[in-house]
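The values are calculated or read from the model by the stated rules, or taken from the named source; none is laboratory data. Keep in mind it's a predicted model, so treat the numbers as computed, not measured. All Cβ positions, glycine included, derive from the backbone under ideal geometry; neighbour counts span all protein chains shown.
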């Protein structure tokens, strides 16, 4: 490709005689496009993963529990693997009791094979043994069985709970979850209230 490009550039310089700066620039761009087309320039990269805030993923993610494929400090370093991966920016400060300096984590999730976040009744606000807020969530019957199968298949891995396009919790699966009872722990008082209101709709 280098030899072809140099040849095109040399011919281009001879044809620039008598042309003004704008014509020369236009001709250079045109020759560059011709050289690239002639050499079959195509991008080998796949589609960029969707990143971040509410509404940035198309089509939008459903509220649910998803398998985590990877975590990274930057969106570009997060691997684009899996059947249908999506990268979301996880802000622990928004929902959890973490230092204000806690950086964003870019989490790659698998959007296929998730468990829909359909709750039974209204989530319960509770306090743990240290007086910190926690939210107890009961999934509907069908989702409870789906969550049991899902956690069994991903035992030892991580799952992300996504609500309105945002990750609200990130947990390692240490045991199979039976009965559809899940808890959002170590959340701020405001975060627990907001999540409870959204799930109760």
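Side notes on the structure shown:
- Matching residues, the stretch 129-142, being part of a loop (DSSP other than H, G, I, E, B) and closer than 16 Å to residue 195 by Cβ: 132
- Filtering the stretch 159-194 to residues that are closer than 17 Å to residue 138 by Cβ, outside any strand (DSSP E or B) and out of contact with any helix residue (DSSP H, G or I) (no Cβ under 7 Å at 6 or more places or on another chain) leaves 185, 192.
- Matching residues in the stretch 85-105 - criterion: being touching a strand residue (DSSP E or B) at 6+ places or on another chain (Cβ under 9 Å) and assigned to a loop (DSSP other than H, G, I, E, B): 91, 97, 102, 104
- Between 122, 108, the distinction of being under 20 Å from residue 169 (Cα atoms), modelled with pLDDT of 90 or more and in a loop (DSSP other than H, G, I, E, B) belongs to 122 only.
- Hits in the stretch 152-173 (condition: in contact (Cβ under 8 Å) with a residue 12 or more places away in the chain and over 20 Å from the mean Cα position of the chain (by Cα)): 152, 155, 156
- Every pair of residues 6+ apart whose Cβ atoms lie under 9 Å, when the first sits in the stretch 188-200 and is assigned by TED's automatic domain parsing to the domain that holds residue 119 and free of Cβ contacts under 8 Å to residues at least 40 places away in the same chain while the second is part of a helix (DSSP H, G or I) and crowded, with 17+ Cβ neighbours inside 10 Å: 194/95
- Here is the figure for the stretch 178-187: residues that are more than 23 Å from the chain's Cα centre (by Cα) and surrounded by fewer than 20 Cβ atoms within 10 Å (Cβ to Cβ) total 3.
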